[in-house]
Amino acid sequence: MIDRSPGAASVKQLADGAFGYVQPDGSWFINNCGFVDADGHAVLIDTCATERRTRALLSAVGDTAGPVTTLVNTHHHGDHTNGNYLVGGATVVGHRKTRETLLADGIQRYEGVFTDSDWGKLELRVPDLVFDDTVTLYAGQTRIDLIHPGHAAHTTNDVLVWLPEQRLLYAGDLVFNGGSPFALMGSVAGWRAALNVIRELDPAVILPGHGPVCGLETVDLVDDYLEFVQRAAETGKAAGRSPLEQAKATDLGRFAELTEQERLAGNLHRAYAELDGEGWGAPLDLVAPLKDMLAWNGGPIRCFS
């Protein structure tokens, strides 16, 4: 049995003064966070989906590096932002669209889609300081570059957190390790382009948004999966199949080892839209894709958050 409880999370040193907070097993709403020691306080990268997970995160950060004074959000999804409100007087930094999307959407619990989530008490807190392209902040003497890839990818507002001297990348959900990538709220093609930004940085160590610490080989696997989605969409469109019909007809092959396979149905909705000429990150009605994911799964999706 996999221990997915908050107590199963572990702090891993990734470079001098830089750490990952890794939560197994990285499935729906069980994300990774990072933090950098700033000589008695900390710069935190992302919070967690639930109150209890975020409280456990902050306890671990406090024990290792001290209180959080700056919080960076890698994108707007709730598993990376729901716990923002628990980070006291910290300044929250994020992309301009992260702030805009959180204000527009609020806290999303996706009732009827996921089962067994223990959200606890949640309050909306959005970034205080926003940027559009890149910005640099420092944790003590450690330089941290925040980089938006310039277009939609996993979402419209992804941020890479790059420590150039350590060659350490906190990738957010631009990298999944062990789980199926999920492009419904971004762009399949744009995500593939964003992976080239990661390749150009040439990190020695990557903390993915979900799953174990990895390297560039996992970037290649994410790219291969996204290309697979594009080819499946082309096949489905040519055959006149709906995204759900094509998802059911698609042999996952080597990608069958990835978890959250129901994401294929949602990814195909995005890939179909791009084949129809929709721009990267163009808004989609999420009701039909989520219904198709439930249909592919045979009912509500198990969530261990």
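Structure data summary
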{"quantity": "Among (1) surrounded by fewer than 17 Cβ atoms within 10 Å (Cβ to Cβ); (2) assigned to a helix (DSSP H, G or I); (3) charged (D, E, K, R), the one test that ASP292 misses", "calculated": "(1)"}
{"quantity": "Options ILE30, ILE2: the member that is of a type in the set (A, V, I, L, M), open to solvent by less than 10 Å² (accessible area, probe 1.4 Å), within 20 Å of GLY179 (Cβ to Cβ) and in a loop (DSSP other than H, G, I, E, B)", "calculated": "ILE30"}
{"quantity": "Any hit, region 201-215, residues being under 30 Å from VAL36 (Cβ atoms), part of a helix (DSSP H, G or I) and modelled with pLDDT of 95 or more", "calculated": "yes"}
{"quantity": "Which listed residue, of GLY240, GLY179, is without any contact (Cβ under 8 Å) to a residue 60 or more places away in the chain and farther than 21 Å from HIS95 by Cα", "calculated": "GLY240"}
{"quantity": "Members of region 245-278 found to be part of a loop (DSSP other than H, G, I, E, B) and over 23 Å from THR155 (Cα atoms), listed by number", "calculated": "THR250, ASP251, LEU252"}
{"quantity": "Subset of region 67-85 that is open to solvent by 10 Å² or more (accessible area, probe 1.4 Å) and not in a helix (DSSP H, G or I) - its residue that is nearest to ASP128 (Cα to Cα)", "calculated": "THR70"}
{"quantity": "Region 95-136: number of residues that are in a loop (DSSP other than H, G, I, E, B), surrounded by fewer than 17 Cβ atoms within 10 Å (Cβ to Cβ) and at pLDDT below 95", "calculated": "6"}
{"quantity": "Matching residues, region 217-229, being surrounded by 17 or more Cβ atoms within 10 Å (Cβ to Cβ) and not hydroxyl-bearing (Ser, Thr, Tyr)", "calculated": "VAL219, LEU221, VAL222, ASP223, LEU226, PHE228, VAL229"}
{"quantity": "Counted residues, region 256-293 - those being acidic (Asp, Glu), touching a Phe, Trp or Tyr at 6+ places or on another chain (Cβ under 8 Å) and within 20 Å of ILE30 (Cα to Cα)", "calculated": "2"}
{"quantity": "In region 172-220, the residues that are within 12 Å of the chain's Cα centre (by Cα), small (Gly, Ala, Ser) and closer than 16 Å to ILE30 by Cβ", "calculated": "GLY172, GLY179, SER180, GLY209, GLY211"}
{"quantity": "Residues satisfying the stated conditions in region 40-64, i.e. modelled with pLDDT of 95 or more, surrounded by fewer than 24 Cβ atoms within 10 Å (Cβ to Cβ) and not in a helix (DSSP H, G or I)", "calculated": "HIS41, THR50"}
{"quantity": "Test: ALA171 is under 15 Å from GLU274 (Cβ atoms), touching a strand residue (DSSP E or B) at 6+ places or on another chain (Cβ under 9 Å) and open to solvent by less than 10 Å² (accessible area, probe 1.4 Å)", "calculated": "no"}
{"quantity": "Residue list for region 137-159, restricted to those being within 23 Å of ALA282 (Cβ to Cβ) and assigned to a strand (DSSP E or B)", "calculated": "ILE147"}
{"quantity": "Residue in region 150-158 that is of a type in the set (D, E, K, R), at pLDDT 95 or above and open to solvent by 40 Å² or more (accessible area, probe 1.4 Å) present", "calculated": "no"}
{"quantity": "Of residues in region 5-27 being in a strand (DSSP E or B) and in contact with a helix residue (DSSP H, G or I) (Cβ under 7 Å, 6 or more places away or on another chain), the one most open to solvent (accessible area, probe 1.4 Å)", "calculated": "VAL11"}
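Yes/no matrix, rows are residues, columns are (1) in contact with a strand residue (DSSP E or B) (Cβ under 9 Å, 6 or more places away or on another chain); (2) open to solvent by less than 20 Å² (accessible area, probe 1.4 Å); (3) not aromatic (Phe, Trp, Tyr):
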residue	(1), (2), (3)
LEU184	no, yes, yes
ALA193	no, no, yes
ARG231	no, no, yes
ALA249	no, no, yes
THR259	yes, no, yes
ALA273	no, yes, yes
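The values are calculated or read from the model by the stated rules, or taken from the named source; none is laboratory data. Remember, predicted model here, so these are calculated numbers, not experimental data. Heads up, the Cβs are rebuilt from the backbone with ideal geometry, glycines too, and the neighbour counts pull from every protein chain shown. To get the accessible areas, we keep the full protein, side chains included, count just its heavy atoms, and leave off ligands, DNA and RNA. Shrake-Rupley method; radii C 1.70, N 1.55, O 1.52, S 1.80 Å.
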